[in-house]
Ligand SMILES: Cc1ncc(COP(=O)(O)O)c(C=O)c1O
């Protein structure tokens, strides 16, 4: 059968994925340090969250391609609590940030156009771009006393096919916020080169300290001078990935026409369902309960990691600075490909992400989820540190 170029993916399971599957199928114990599904991490979700799904208003179908006004006003209020005054007319709902990206790539790019994306970063971008026939131009983040955008490299990556820059603020997995100064330079770059900006803020509410508030602001409160599209959703904001509500907020120049075009795209699919839109205001109002639990887990695991790292036998491993989010990046001696490291750890009963999963170009990087239940996290990290120390001194 002739298939499209956009779906020309290698769908074979990797050796690592096969070994992981085999271990699970064999019923062997596994300390999973990659947990990213908050509904499976032992957080308390109130049964009250289900109550708005019984709203009789959901029995009436009144399709609105931008999403119901009530849902959009709830999103407007969410941003107001972040210090950004936005108009509910400039919001468009989607079922996931993936769907939001698909709309934005369709809005901004023709086939083979390019979008600049910082790496390490969210691994799904490659697939999202392939599906829209858009090319990703990966641009490295640099680590020097904290992560930073490599702004020269951004500029060098721009070609006459470049249409947009994507920022993840704070980034996954590095936990790096785009600082006020970096944002100013990116605005300037996009303005000079005629590019739009897409900013993924799904982890915005998960800052680990409250210093430098100006560096942690939503881009919607930064008065963008270029067309800017902020995407987010309740999979992270409310810890409810199963409910499938996300959004795009447009700001900066060119908003009315962008919104009209986005509206036609959304009208073509009308993928939002009514019960979720009815429930969204309640879920957003109640978001702090799960956010508090997640932040306590993340902080607790980070403290545990630091205590374990400060033990003398583990000087081979360091943790990179993390400002926000659900992950920690570990630097380990680059004694071999990260795939071998992760495979050896799997045999010892620990499952971690290799750095290349997030686009790290060199070996010597592991990524662990700070969402992991505390006992599993500490036991898993101990195993990782023992294994690395044994390898490094062998
Ligand atoms: C940066 C980033 N954006 C978006 C998502 C997923 O959002 P959604 O569930 O709305 O597709 C993730 C999931 O981990 C993510 O890391």
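FYI, it's all coordinate maths here, none of it is from the lab. Note that the structure is a prediction, hence the values are computed from the model and not measured. No Cβ is skipped: glycine too gets one built from the backbone with ideal geometry, and neighbour counts run over all protein chains shown.
Data table
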{"read-out": "Nearest 10 degrees, 0 to 90: helix 69-80 Cα axis against the chain principal axis", "value": "60 degrees"}
{"read-out": "Per-residue Cβ neighbour rank within 10 angstrom, fewest leading, 117, 264", "value": "264, 117"}
{"read-out": "Two-site FRET efficiency, residue 61 against residue 98, from Cβ-Cβ distance with R₀ of 25 Å, rounded to 0.05", "value": "0.55"}
{"read-out": "Ranked 223, 238, criterion: other C-beta atoms within 10 Å, fewest first", "value": "223, 238"}
{"read-out": "Within the stretch 47-285, percent of DSSP bridges classed antiparallel, to nearest 5", "value": "40 percent"}
{"read-out": "Cβ crowding within 10 Å averaged over residues, with 328-339, 41-52 ranked highest first", "value": "328-339, 41-52"}
{"read-out": "Fully extended contour minus Cα-Cα distance, from residue 150 to residue 299, at 0.36 nm per residue", "value": "50.8 nm"}
{"read-out": "Linear extension gain, residue 260 paired with residue 44, 0.36 nm per residue minus alpha-carbon span", "value": "73.7 nm"}
{"read-out": "Angle in degrees between helix 338-347 and the longest Cα principal axis of the chain, rounded to the nearest 10", "value": "70 degrees"}
{"read-out": "Rounded to 5, the percent of DSSP beta bridges in the stretch 84-184 classed as antiparallel", "value": "25 percent"}
{"read-out": "GNM flexibility winner over the chain from 375, 200, 130 (Cα, springs under 10 Å)", "value": "375"}
{"read-out": "Point-to-point label distance, residue 340-residue 3, nm (Cα→Cβ direction, 7 Å offset)", "value": "3.2 nm"}
{"read-out": "Value of Rg/Rh across the chain [Cα atoms, Kirkwood radius]", "value": "0.97"}
{"read-out": "Helix 255-269 vs. the chain, principal-axis angle (Cα, 0 to 90°, nearest 10)", "value": "80 degrees"}
{"read-out": "Helix-only [θ]222 nm of the chain, DSSP H runs n ≥ 4, -39500 (n - 2.57) each, per residue, nearest 500", "value": "-11500 deg cm²/dmol"}
{"read-out": "Over the chain, relative contact order from alpha-carbon pairs under 8 Å, at least 6 apart, %", "value": "24 percent"}
{"read-out": "Relative contact order for the stretch 299-366, counting Cα pairs under 8 Å that sit 6 or more residues apart, in percent", "value": "26 percent"}
{"read-out": "Approximate spin-label separation residue 391-residue 51, in nm, with each point projected 7 Å along Cα-to-Cβ", "value": "5.1 nm"}
{"read-out": "Order of 244, 236 under a 10 Å beta carbon neighbour criterion, fewest first", "value": "244, 236"}
{"read-out": "Among beta bridges that DSSP assigns inside the stretch 15-161, antiparallel share in %, nearest 5", "value": "35 percent"}
{"read-out": "Peptides 171-181, 8-18, 381-391, 317-327 ordered by average Cβ neighbours within 10 Å, highest first", "value": "171-181, 317-327, 381-391, 8-18"}
{"read-out": "Highest-first arrangement of 153-159, 141-147, where packing means the average Cβ count within 10 Å", "value": "153-159, 141-147"}
{"read-out": "Inter-site label distance for residue 273 and residue 23 at 7 Å from Cα along Cβ, in nm", "value": "3.5 nm"}
{"read-out": "Centroid-to-centroid separation of the stretch 116-195 and the stretch 14-40 [C-alpha atoms, Å]", "value": "31 Å"}
{"read-out": "Computed E for residue 307/residue 362 - FRET, C-beta separation, R0 22 angstrom, nearest 0.05", "value": "0.20"}
